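Reviewing the structure listed below.
The values are calculated or read from the model by the stated rules, or taken from the named source; none is laboratory data. Bear in mind that the values here come from a model prediction, so they are computed numbers and not experimental data. Here Cβ is always computed from backbone atoms with ideal geometry, including for glycine, and neighbour counts include all displayed protein chains.
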Amino acid sequence: MRVLITAGPTREYLDDVRYLSNASSGRMGYALAEAAVAHGWEVVLVSGPVDLTPPDGCETWHVETTAEMRNASVREFPRCDGVIAAAAVCDYKPKERVEGKLSKTGGPVTIEMIETDDVLAELGAAKDGRWVMGFALEARNPRENALQKLRRKNCDWILLNAPTAIGSADNSVELLAPDGQTLANWSGPKAQVAREIIEWIAATQDPRSKIQNS
Ligand code: CTP
């Protein structure tokens, strides 16, 4: 099994020194990469800027902006059997990146923002037999919104979690299928949740496990 994992936040620059981002630590994605390597899988990690060391034995591409994450992911996905999109991607970016440094105006400023690329939606649209697992970070109507996201991004499954997961050492996730069925619930330290997710994928998708289980 060869898996692509996206992890961490992305950054969108207003000028050469200022950016918009979020508080993602990258811990969930890195824990998944570690669990997948420990399971004997080949791992391609596309990581936004985080303060973590990638696990030994995984191929890592360091990116900063959403466009860079999109380009690395779209390039690597065809060589993989599936993707887990754990990155907390910026949804918007300033319409223009100002060269140098914006100066104070003495009054309020308005920044026009446009949507970034949706990395997972693009991978889902091009999956062609590969499996696709997304995350859904939901504050309101969690199940309904997560299922809409799953369908919109052509995922096979989506892991529903709450905004409290961002930057935290623990996580609590619900694995949803396209028909709305709950396939599993896992909670605890991110390393443990990651192991359970990888074991679940291995048991249902990994040809080696299927042979061993039959
Ligand atoms: N995602 C992505 N590219 C984006 C936005 C999100 O690949 N531009 C992925 C995330 O990695 C995650 C899934 O899509 O696996 C859902 O992310 P989430 O932030 O919950 O949803 P959004 O699509 O950003 O929608 P919204 O913020 O409106 O809830």
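Summary table
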quantity	calculated
Residues within the stretch 1-22 that are assigned to a loop (DSSP other than H, G, I, E, B) and buried (at least 16 other Cβ atoms within 10 Å of the Cβ), tallied	7
Residue selected from the stretch 93-112 under the condition among the hydrophobic types (A, V, I, L, M, F, W, C) and in contact (Cβ under 8 Å) with a residue 40 or more places away in the chain, by the criterion farthest from the ligand (Cβ to nearest atom)	102
Hits in the stretch 125-134 (condition: more than 15 Å from residue 177 (Cβ to Cβ) and either crowded, with 21+ Cβ neighbours inside 10 Å or not basic (Lys, Arg) (or both))	125, 126, 128, 129
Members of the stretch 125-146 found to be in a loop (DSSP other than H, G, I, E, B), within 24 Å of residue 65 (Cβ to Cβ) and within 16 Å of the chain's Cα centre (by Cα), listed by number	127
Odd one out for residue 30 among (1) of a type in the set (Phe, Trp, Tyr); (2) in contact (Cβ under 8 Å) with a residue 24 or more places away in the chain; (3) surrounded by fewer than 24 Cβ atoms within 10 Å (Cβ to Cβ)	(3)
Subset of the stretch 118-144 [within 12 Å of the ligand (Cβ to nearest atom) and acidic (Asp, Glu)]	118, 122, 138, 144
Residues of the stretch 3-55 classified as of a type in the set (S, T, N, Q) and either more than 21 Å from residue 91 (Cα to Cα) or away from the ligand (no atom under 14 Å from the Cβ) (or both), total	2
Residue satisfying all of: in the stretch 147-172; under 14 Å from the mean Cα position of the chain (by Cα), outside any loop (DSSP other than H, G, I, E, B) and at pLDDT 95 or above; farthest from the ligand (Cβ to nearest atom) among these	157
Failed item in (1) within 10 Å of the ligand (Cβ to nearest atom); (2) touching a helix residue (DSSP H, G or I) at 6+ places or on another chain (Cβ under 6 Å), with residue 115 passing the rest	(2)
Verdict on residue 36 being at pLDDT 95 or above, under 16 Å from the mean Cα position of the chain (by Cα) and closer than 18 Å to residue 191 by Cβ	yes
Every pair of residues 6+ apart whose Cβ atoms lie under 8 Å, when the first sits in the stretch 124-139 and is under 16 Å from residue 157 (Cβ atoms) and charged (D, E, K, R) while the second is part of a loop (DSSP other than H, G, I, E, B) and away from the ligand (no atom under 12 Å from the Cβ)	130/80; 130/81
The lone exception for residue 186 - which of (1) crowded, with 16+ Cβ neighbours inside 10 Å; (2) within 15 Å of the ligand (Cβ to nearest atom); (3) assigned to a strand (DSSP E or B); (4) modelled with pLDDT of 95 or more it fails	(2)
All strands (runs of 3 or more DSSP E) inside the stretch 23-124 with 3 or more residues being β-branched (Val, Ile, Thr)	42-47
